Amino acid sequence: MAAAHSLLHLAAPKPPAPASTHPPLGAALLGLLPARRPHRLVASCSSAHPDLAAFPNPNGLLVAEPADSISAEVATETELRENGPRSTRRTKLVCTVGPATCGPAELEALAVGGMNVARLNMCHGDREWHQKVIDAVRRLNEEKGHAIAVMMDTEGSEIHMGDLGGAPAAKAEDGEIWTFSVRSFEAPLPELTVHVNYEGFAEDVRVGDDLLVDGGMARFEVVEKLGPDVKCRCTDPGLLLPRANLTFWRDGSVVREKNAMLPTITSKDWLDIDFGIAEGVDFIAVSFVKSAEVINHLKSYIAARSRGSDIAVIAKIESIDSLTNLEEIIRASDGAMVARGDLGAQIPLEQVPSIQQKIVKLCRQLNKPVIVASQLLESMIEYPIPTRAEVADVSEAVHQRADALMLSGESAMGRYPDKALSVLSSVSLRIERWWREEKHHEALELEDVSSSFSGKISEEICISAAKMANKLEVDAVFVYTKGGHMASLLSRCRPDCPIFAFTNSTSVRRRLNLQWGLIPFRLTFSDDMESNLNRTFSLLKARGMIKSGDLVIALSDMLQSIQVMNVP
């Protein structure tokens, strides 16, 4: 372990690289190097993870790919070639696919516009429809070089409305009397009638209760109970959407006793999860998570049903129960989603911003990707431009350094899905650039997330690499990673420059596409860093994604090393 106590040492000097526009690597900065001489710094540890070896083929032999074999997204490659590494967007974008965007042309438009993850909401559509969308996304990846991940979002067991008899939406006007019933109806539904999925609904509500639809998009007051029917007067008019969530309030507080007794994962959800496993989705988002036990149970189930599967489980934080057990839920999960719509229906609205910030910070501390979701650009479902308040909301999420932003109805059923995605992208780019221009390097203390000594070394190497990247103003950090862990640790540090994550796994590449600042490439490589770097430089330069003189820092989770160099 002696090498662990001296992680940084000089390798033999290399001939000077072509002149760079970057500041020289001065002695005052590194304390080791003479000015204006690009040297290579090497940090190493002999105690690397034993399972992080070179990648064999099924016969146990290292695979050599053709010299031109590297997978990169077309849109990213174009951006790198035209504007350089520092121009790339760091915040990732998740788009919910629905009737407005399920066609091949529409999906490709989202991909070209910057979609990193395609979300499937299992509240809507049947499995045949979802399978077609998954197939279309996979074809896009194979034919166009994208690395779009697929996220399946479970319906959950919370109380919600039915399908509105096949209608796409219904408008509730002020003063109208609507019937919320647990009875099953054949389409078309009686006028001003809504089916409720929870059989105990009529018994549990009381006259005088407030009923909120979809987090408050419409509000009703319970005025009468007639057997299985509950008569409600509309007090806040709004649009009712199929399978919208329902919450009811009494004396200023949400009534949650029955919700707390409902299972987090229903029988339908388990069938959907089986479907997702069979289709090889990249993420499964679990709705209305109440405890870490649910996450652990689902992970065990996935492992048993699909040996070797690396499906990640995302916990949706959208209820009071989720907040009560927040840290244990996030620790157990592979990431979290701040589902602000449903969350805002269960807590006072003025608490949502501070809760969002708390969740984003905690996820980063624990090295879990976090998605900010719900109503980011809600007005763009109907209008071609967002409100200025929505732009400010998006800006705040980017400023908080969330990994990803998510479109829901805006992309699933909105009139302007491409424009909504463009707004997310352009606002993210502007706020990120402002952050870098103002040199807002956070003093956030990142707690240890590894239990092993070797894992702690990896964390320290990534923290050091991020600090060096900011001080040296490097163009990119390269990381060679088998399972994505070291790339994730680097992402947590939020360096100024983008992170080029090289992996030989297509599934790991897709999964990394959710995390802040990572540009995932598929590339077969060995444990010979010199060979890996030379080959990578050659491939990226040939396609115009980097140029001679660019300054990079290179890391590897196989050898636990840091190297600083100019591209030859």
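Ordered by residue, what ³J(HN,Hα) values in Hz, to whole numbers, does the range 515-521 give under the Karplus form 6.51 cos²θ - 1.76 cosθ + 1.60, where θ = phi - 60° and Gly and Pro are x?
Coupling constants for the range 515-521: 9, 3, x, 8, 10, x, 10 Hz.
Give me the mean projected area, in nm² to one decimal, of the convex hull enclosing the Cα positions of the range 156-228. Before the final figure, lay out the partial values.
Numbers: hull surface 20.6 nm².
Orientation-averaged projected area of the Cα hull: 5.1 nm².
Work out how much length residue 69 to residue 131 would gain on full extension: take 0.36 nm times their residue separation and subtract the Cα-Cα distance, in nm to one decimal.
Values: separation 62, 0.36 × 62 = 22.32 nm, distance 2.96 nm.
Roughly 19.4 nm would be gained on extension.
Loop-only trypsin sites (Lys or Arg not before Pro) in the range 252-331, please: DSSP not H, G, I, E or B, and at most 12 other Cβ atoms within 10 Å.
Details: sites: 256, 258, 268, 290, 299, 305, 307, 316, 331; in loops: 256, 290, 307.
Those satisfying the criteria are 307.
May I ask you to derive the relative contact order of the chain, considering only C-alpha pairs under 8 Å and at least 6 residues apart, and to give it as an integer percent? Please report the intermediate quantities before stating the final value.
Values: 1181 pairs, mean separation 108.6, N = 568.
About 19 percent, as a whole number.
Scan the chain and report its longest stretch carrying no GluC sites (Glu not before Pro) that are both in a DSSP loop and have at most 16 other Cβ atoms within 10 Å.
200-381
Tell me, what ³J(HN,Hα) does each residue in the range 555-568 have, in order and in whole Hz, if you take phi through Karplus 6.51 cos²θ - 1.76 cosθ + 1.60 with θ = phi - 60° and put x for Gly and Pro?
10, 8, 7, 8, 10, 6, 10, 10, 9, 10, 6, 8, 5, x
With N set to the number of residues, divide the alpha-carbon radius of gyration of the range 343-398 by 2.2 N^0.38 Å and report two decimals.
On the way: Rg = 12.8 Å, N = 56, 2.2 N^0.38 = 10.2 Å.
My calculation over the Cα atoms of the range 343-398 gives 1.26.
Once you've got the Cα coordinates, tell me which of 171/225; 290/456; 290/358; 368/467; 290/419 are over 27 Å apart.
Pairs exceeding 27 Å: 290/456; 290/419.
Lys and Arg at +1, Asp and Glu at -1: add these up for the other residues within a Cβ distance under 13 Å of residue 230 and post the number. All intermediate terms of the calculation are to be shown ahead of the outcome.
Working: positive: 183, 206, 225, 231, 233; negative: 199, 203, 204, 209, 210, 221, 224, 229.
Charge balance near residue 230 sits at -3.
With all protein chains present, calculate the accessible area of residue 342 using a 1.4 Å probe and round the result to the nearest 10 Å².
Using a 1.4 Å probe on the heavy atoms, I get roughly 30 Å².
Kindly report the accessible area of the range 164-254 per residue (heavy atoms of protein chains, probe 1.4 Å, no ligands, DNA or RNA), in Å².
Details: 4410 Å² over 91 residues.
That works out to 49 Å² per residue.
Using the Cβ atoms and a cut-off under 13 Å, what net charge is assigned to the surroundings of residue 277, where Lys and Arg are +1 and Asp and Glu are -1? Walk me through the numbers on the way to the answer.
Numbers: positive: 127, 299, 305, 307; negative: 269, 272, 274, 279, 282, 310.
Residues near residue 277 contribute -2 overall.
For the range 164-254, what is the relative contact order in percent, using Cα pairs closer than 8 Å and at least 6 residues apart in sequence? Don't jump to the answer; show the numbers that get you there.
Numbers: 194 pairs, mean separation 31.7, N = 91.
Relative contact order comes out at 35 percent.
In angstroms, what radius of gyration and Dmax does the chain have, counting Cα atoms only?
25.3, 87
For residue 176, what residues show an amide H to amide H distance below 5 Å, using hydrogens built from the backbone and excluding near sequence neighbours?
234
Amide H of residue 546: which non-local residues (sequence gap of 5 or more, or other chain) have their own amide H closer than 5 Å, using H built in the peptide plane?
Placed amide hydrogens put 541 under 5 Å from residue 546.
Eigenvalues of the Cα gyration tensor times 5, then square-rooted: what semi-axes does that give for the range 122-252, in whole angstrom, largest first? Write down the numbers at each step before the final one.
Working: eigenvalues 241, 44, 37 Å².
Taking √(5λ) for each Cα gyration eigenvalue gives 35, 15, 14 Å.
Could you look at the chain and say what percent of its accessible area is carbon and sulfur, using a 1.4 Å probe and all protein chains? Each step should come with its number before you reach the end.
Values: 12350 of 23450 Å².
Answer for the chain is 53 percent, counting heavy atoms of protein chains only.
Counting helices only, and only those DSSP H runs with n ≥ 4, report the 222 nm mean residue ellipticity of the chain as the sum of -39,500 (n - 2.57) divided by its residues, in deg cm²/dmol to the nearest 500. Could you put the intermediate results ahead of the total?
On the way: 19 runs with 196 residues, N = 568.
So the calculated ellipticity at 222 nm is -10000 deg cm²/dmol.
With unit charges on the beta carbon (Lys/Arg positive, Asp/Glu negative), name the residue among 190, 540, 323 whose Cα is farthest towards the positive pole of the charge dipole of the chain.
Ranked along the dipole, the leading option is 540.
Would you mind checking which residues have amide H under 5 Å from residue 244's amide H? H placed 1.01 Å from N; only 5 or more apart, or other chain.
161
How many angstrom lie between the C-alpha centres of the range 329-350 and the range 476-499?
26 Å
Which order do you get for 468, 115 if you rank them by accessible area with a 1.4 Å probe, largest at the top?
So, going from the largest accessible area down, we get 468, 115.
The values are calculated or read from the model by the stated rules, or taken from the named source; none is laboratory data. These numbers come from a predicted model, not from an experiment. Cβ: placed from backbone, ideal geometry, glycine included. Neighbour counts: every protein chain shown. With ligands, DNA and RNA removed, areas are computed over all heavy atoms of the protein, side chains included. Shrake-Rupley method; radii C 1.70, N 1.55, O 1.52, S 1.80 Å.
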